[in-house]
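A quick write-up on the structure given underneath.
Just so you know, all these numbers are worked out from the coordinates, no wet-lab data involved. Just so you know, these numbers come straight off a predicted model, no measurement behind them. Every residue, glycine as well, gets a Cβ built from its backbone with ideal geometry; the counts of neighbours run over all protein chains shown.
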């Protein structure tokens, strides 16, 4: 499969610099069509959540299920980045929302934009 580069998508006047890997998402949906299955989408982003979700992702890989990961990126640091590499799922992260900070900070950021 010819993998395209990750692309940034401009949403709402650049409020959220989302990166999307269309090749990963397209591959999951193509595989789902081939095997007449649904696509498993795992959403993760905080360190505690990632370590709960990683075994689910690994089991889906073992069962050869169509899937991809959306990383909200709320607690991005070396520990979370290492976890993604440690579980060998970098090639499944199809979307990174790059949300940094807590919910109150994000709400404040959005309100100040308007």
Potential lengthening between residue 25 and residue 46 on full extension [0.36 nm per residue; Cα-Cα distance subtracted]:
5.4 nm
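Please rank 49, 21, 36, 64, fewest neighbouring Cβ atoms within 10 Å first, as an exposure proxy.
Working: 49 16, 21 20, 36 6, 64 10.
Listing 49, 21, 36, 64 from fewest to most nearby Cβ atoms yields 36, 64, 49, 21.
With a 10 Å Cβ neighbour count serving as the proxy for reagent exposure, in which order, fewest first, do 88, 95 appear? All intermediate terms of the calculation are to be shown ahead of the outcome.
Values: 88 12, 95 22.
Fewest to most other Cβ atoms nearby, the residues stand as 88, 95.
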